[in-house]
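The values are calculated or read from the model by the stated rules, or taken from the named source; none is laboratory data. Predicted model only: the values in this text are computed from it and were never measured. We place every Cβ from the backbone using ideal geometry, glycine too, and count neighbours over all the protein chains shown.
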C-alpha cells in the first residue's frame, strides 16, 4: 500500500510540475524561434505544423528530474547504483538529442548531428553503463527467467547494452511523427515497466526504478496536454532519444530485454517498416509501403491523424498488458 501511495504521489507531482514547466517553456521556445523543420515528403496536412516549437521533451525531462530530487530530499527515494544508471542514461540521451535539435535549429535545416557523432556519444554512454553495471554487482548474463536460461557473455555484454540502447532510442525517434503518438506509447510502456520493475524484487533499487517509471509517466501526461493534436510543442530528439534510452536501460537492468519487443511493439513495427522500405527499394527500386515509418502510410491511405494515434495507442496498450502478464505474473 505504501508503494502504491508513493507511486500516486510521484505521478501527481511530476504531472503538475510538467504542466507548469510547459506553460513557462513553450513561450520561451517560440521566442527563440526553436521551430520544427518538416520533411518535404510529408502530407500537406502537416504543412501547418511548420515552425511549431520543438525540444519540448525538456518539459517531461525537467519535471521528472526535479520530482526525483524532491522525493530524494524528503527521503521517499533512496539512491542506488542501478537507479543512478537509469538517471545517467536518461540525462545522457537527453543531451545527445538536445545537441541534435540545437544544430537543426541553428542551421535552419534537418542536418543535426552526424550519424558518426551520434554513435560515438552512444558508445561512451554504453561504456559508462557497463562500468557502473558491473561495479553494482550485476553479472553480464543473457537471462531468460521463464525457461531458467542463463549465459555469461562477459565483455560482449557491453556490446549487447549498446545494441539495446541504440535500437530502443532510435525506435522512439522514428515513431515520433504524429501529435501525441510517441509520448502516449512511451507512457503506456513505462506504466507497464513500473509494474514489472516492482516485481523484480531481487534487483537492487527496484522500488526506485519502479517509482521513476511512474514519475516519468506523470511528466509525459503533463507534456501530452500540449502535444496531442493539434500539438503546441513537439518533443524533438531531446525527448524521443531520452525516452527510448531509458526504456532500454530499464529492460536491461530488470533482465527483460526480450520483453522490450512486446512492450514496444508499435515502436518495433515502425522501425521494421523503415528497414524493410529501405532495403526493398535498394533491391527493386520500388516502395514496399506508400511511405515509412508506417504511420505515414496510414495517412497516405486517407486516415486522419487522431485515428491513427488512437489505433496505435490501443495496439501499444495490448502489448503492454501482455508484457505485464508475462513479466510480473508468469
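Summary table
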read-out	value
Verdict on residue 199 being touching a helix residue (DSSP H, G or I) at 6+ places or on another chain (Cβ under 7 Å), surrounded by fewer than 19 Cβ atoms within 10 Å (Cβ to Cβ) and under 30 Å from residue 222 (Cα atoms)	yes
Residue tally, condition in a helix (DSSP H, G or I) and under 10 Å from the mean Cα position of the chain (by Cα), over region 250-277	1
Among (1) farther than 20 Å from residue 263 by Cα; (2) touching a helix residue (DSSP H, G or I) at 6+ places or on another chain (Cβ under 6 Å); (3) not in a helix (DSSP H, G or I) - the single one residue 178 does not satisfy	(1)
Any chance residue 19 is more than 30 Å from residue 305 (Cα to Cα), under 23 Å from the mean Cα position of the chain (by Cα) and at pLDDT 95 or above	no
Tally, over region 74-108, of residues that are in contact (Cβ under 8 Å) with a residue 40 or more places away in the chain and not in a helix (DSSP H, G or I)	6
Residue 164 within 27 Å of residue 269 (Cβ to Cβ) and modelled with pLDDT of 90 or more	yes
Any hit, region 109-120, residues being assigned to a loop (DSSP other than H, G, I, E, B), in contact with a helix residue (DSSP H, G or I) (Cβ under 7 Å, 6 or more places away or on another chain) and surrounded by 18 or more Cβ atoms within 10 Å (Cβ to Cβ)	yes
Options 269, 275, 250: the member that is touching a residue at least 24 places away in the same chain (Cβ under 8 Å) and either touching a strand residue (DSSP E or B) at 6+ places or on another chain (Cβ under 6 Å) or surrounded by fewer than 21 Cβ atoms within 10 Å (Cβ to Cβ) (or both)	269
Sole exception among (1) under 18 Å from the mean Cα position of the chain (by Cα); (2) crowded, with 24+ Cβ neighbours inside 10 Å for residue 327, by number	(1)
Options 171, 187: the member that is in a helix (DSSP H, G or I) and either surrounded by fewer than 21 Cβ atoms within 10 Å (Cβ to Cβ) or without any contact (Cβ under 8 Å) to a residue 60 or more places away in the chain (or both)	187
Region 143-159, residues that are free of Cβ contacts under 8 Å to residues at least 60 places away in the same chain and surrounded by 15 or more Cβ atoms within 10 Å (Cβ to Cβ)	157, 158
